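K.L.:
One structure, as structure tokens, below. Some questions next.
The values are calculated or read from the model by the stated rules, or taken from the named source; none is laboratory data. Everything quoted here is computed from the prediction, not taken from an experiment. Because the Cβ atoms are built from the backbone with ideal geometry, glycine has one as well, and the counts that use them run over all protein chains shown. The protein model used for the area step is the full one, side chains on, heavy atoms only, and it has no ligands, DNA or RNA in it. Shrake-Rupley method; radii C 1.70, N 1.55, O 1.52, S 1.80 Å.
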Amino acid sequence: MEVLGVFIKAAVGGLAFFWLGVLLGKVVIPRVYDMVERFYAERLRPLLRARRERRTPRS
């Protein structure tokens, strides 16, 4: 009987980790990726463009 309890706990824990992984993969990681992409577009790209234009003088 005790083995069955351990098996049930392991199954519930496995399902919990599975759904946590699904949540991370579908919700959290794309949101973080969008935040990084927005930060790059708003902050880093203008800085890089300004640095590149400063380095190559226009004729």
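K.L.:
With a 1.4 Å probe and all protein chains left in place, how much of the accessible area of the chain comes from carbon and sulfur atoms, in whole percent?
P.N.:
The value for the chain is 68 percent carbon and sulfur by accessible area.
K.L.:
Something else: Rounded to the nearest whole Å², what accessible area per residue is found for the chain with the 1.4 Å probe?
P.N.:
101 Å²
K.L.:
Let me ask something else about it. Can you compute the charge dipole magnitude of the chain about its Cα centre, using +1 on each Lys and Arg Cβ and -1 on each Asp and Glu Cβ, nothing else charged? Give it in debye, rounded to the nearest 20.
P.N.:
With Lys and Arg at +1 and Asp and Glu at -1, about 820 debye.
K.L.:
Kindly provide the Kirkwood hydrodynamic radius of the chain in Å, to one decimal, from all pairs of distinct alpha carbon atoms.
P.N.:
15.6 Å
K.L.:
Kindly point out which whole DSSP H helices in the chain project their C-alpha atoms 20 angstrom or further along the helix axis while averaging a Kyte-Doolittle hydropathy of 0.0 or above.
P.N.:
Membrane-span-like by this rule: 2-23.
K.L.:
In a GNM of the chain with a 10 Å cut-off on Cα contacts, which of VAL22, VAL32, VAL12 has the highest mean-square fluctuation?
P.N.:
In this elastic network of the chain, the residue with the biggest mean-square fluctuation among VAL22, VAL32, VAL12 is VAL12.
K.L.:
Please list TYR40, TYR33 from largest to smallest accessible area, probe radius 1.4 Å, with all protein chains kept in place.
P.N.:
The residues order as TYR33, TYR40, largest area first.
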